[in-house]
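Taking it in order: structure first as structure tokens, then the write-up.
What follows is calculated from the coordinates using simple rules that are stated; it is not laboratory data. Here the structure is a predicted model, which is why all the values come from computation and not from measurement. Positions of Cβ are generated from backbone atoms using ideal geometry, with glycine treated the same way; all protein chains shown enter the neighbour counts.
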Amino acid sequence: MTSSHADSTQAHYDRLAASYDQNWAYSPAYIAWMSRCILDRAAIQPGQVVADIGSGTGLYSSRLAAAAGRVICADPSQAMLDQLPDDPSLIPVRASAQDIAARRTKLPAERLDVIVMKEAIHHVPASERATVLRGLGELLAPGGRIVIAMLPVRIGYPLFTAALERFERLQPDPAGITTSLSDAGLETELTYDSYTLTLAKDRYLSMVRNRYMSLLASFTDAELERGVTEIQERFPGNRLEFADQFAFIRATRA
Ligand SMILES: C[S@@+](CC[C@H](N)C(=O)[O-])C[C@H]1O[C@@H](n2cnc3c(N)ncnc32)[C@H](O)[C@@H]1O
């Protein structure tokens, strides 16, 4: 990812920030499921130092704070951080994973017990990922862990073909991320969990038009409209049902 790519990622989230929490994936039941998946792996104890890197609007940070007491919420998009709930247990830090890993941005704690990164590792350029993961691992206290939640390379979303193909080309392989963390000296475990989503087709189509995934930002309006037509043809009926599968990597420092 070049700096112009980083700029367009930031522009995407700046634009999406105000409506981010209204996405389909963020029903209370979905958030409860995803929070459980993360918390089970993170095993946070009260008082531990936790950083949610790529926290966005803090959808999951509040649940992490309920377990830890407080959470450092780091994100390069100020517009996303501006949507954090007004809660003193959430400590906003405007920084990318690269800034934190390279210690260009100093966090309000020297050592971290838990780092959570949900759907943000793909925004770190491929050429920098291994260095960033190693740098994050070095911030962990002994026994500390990183939990990465990310989509697999193949997703079952009812998107149009060109979007699914582009996703597969761009999405990092969770197995590769796991290997980078093992190479950084951490003990790793890669597991998958999935949640079945059911939603009105019209709602999903309006989210596609709204480019709810950063992937969709790379399609023109005309391409997106053709994509919407393709989805309408491929998925008859008013409702869509599909599995949202996630990869979870836990990497623990000895
Ligand atoms: C799909 S959102 C996920 C937000 C939140 N973790 C969640 O699950 O709701 C991706 C987030 O990663 C942030 N991001 C983009 N580039 C990043 C980077 N290089 N390092 C850390 N976060 C980044 C974006 O600003 C955005 O808030």
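A simple spin-label model places the labels of residue 126 and residue 154 1.9 nm from each other, with each point 7 Å out along Cα-to-Cβ. Here r is the Cβ-Cβ distance between residue 40 and residue 134 and R0 is 45 Å; the resulting FRET efficiency, rounded to 0.05, is 0.95.
Fully extending the segment from residue 29 to residue 15 would add 2.5 nm, taking 0.36 nm per residue of separation and subtracting the current Cα-Cα distance. Here the contact order of region 70-122, divided by its residue count and restricted to Cα pairs under 8 Å and six or more residues apart, works out to 33 percent.
Contact order for region 26-78, expressed relative to its length and based on alpha carbon pairs under 8 Å spaced 6+ residues apart, stands at 36 percent. P(r) tail for the chain: Cα pairs beyond 31 Å make up 21% of the total.
Taking amide H positions as modeled 1.01 Å from N, with prolines and chain starts lacking one, the residues under 5 Å from residue 118 and 5 or more places away or on another chain are 53, 149.
Available extension along the chain between residue 195 and residue 232 is 11.0 nm, counting 0.36 nm per residue and deducting the alpha carbon span. Given region 23-73, report the % of alpha carbon pairs whose separation exceeds 14 Å. Looking at region 23-73, the distances longer than 14 Å represent 49 percent of pairs. Per-residue Karplus couplings for region 168-179, computed as 6.51 cos²θ - 1.76 cosθ + 1.60 with θ equal to phi - 60°, are listed in order as 4, 6, 9, 6, x, 7, x, 5, x, 5, 4, 4 Hz, Gly and Pro entered as x.
Dipole orientation for region 153-244: of the candidates 200, 174, 190, 200 has the Cα lying most toward the positive pole (charges on Cβ; Lys, Arg +1; Asp, Glu -1).
Normalised by the number of residues in the chain, the mean separation of alpha-carbon contacts (under 8 Å, six or more apart) gives a relative contact order of 20 percent.
A cut-off of 5 Å between modelled amide H atoms, ignoring neighbours fewer than 5 places along the same chain, links residue 156 with 245. Find which of 227, 214, 67 sits farthest along the positive direction of the dipole of the chain, computed with +1 on the beta-carbon of Lys and Arg, -1 on that of Asp and Glu, about the Cα centre. Result: 67.
In the frame of its principal axes, region 1-130 has Cα extents of 39, 36, 26 Å, reported largest first. Extending 7 Å from the Cα toward the beta-carbon at both residue 221 and residue 86 defines two label points whose distance is 3.6 nm. Taken along the Cα-to-beta-carbon direction at a fixed 7 Å, the label points for residue 22 and residue 109 span 3.5 nm.
Per residue, the chain reaches -12000 deg cm²/dmol at 222 nm when only DSSP H runs of four or more residues are counted, each adding -39500 (n - 2.57). Note on region 102-174 and region 195-221: Cα centroid distance 22 Å, given to the nearest whole angstrom. In order along region 143-150, the phi-based Karplus estimate (6.51 cos²θ - 1.76 cosθ + 1.60, θ = phi - 60°) of 3J(HN,Hα) comes to x, x, 9, 10, 10, 10, 10, 8 Hz; Gly and Pro are listed as x. Evaluating 6.51 cos²θ - 1.76 cosθ + 1.60 at θ = phi - 60° for every residue in region 223-228, the Karplus couplings come out as 4, 5, 5, 4, x, 4 Hz, glycine and proline recorded as x. Near residue 112, the amide H atoms lying under 5 Å from its own belong to 140, 141; only residues 5 or more places off or on other chains count, and H is placed 1.01 Å from N. When each of 153, 132 is scored by the number of other beta-carbon atoms lying within 10 Å, the sequence from fewest to most is 153, 132.
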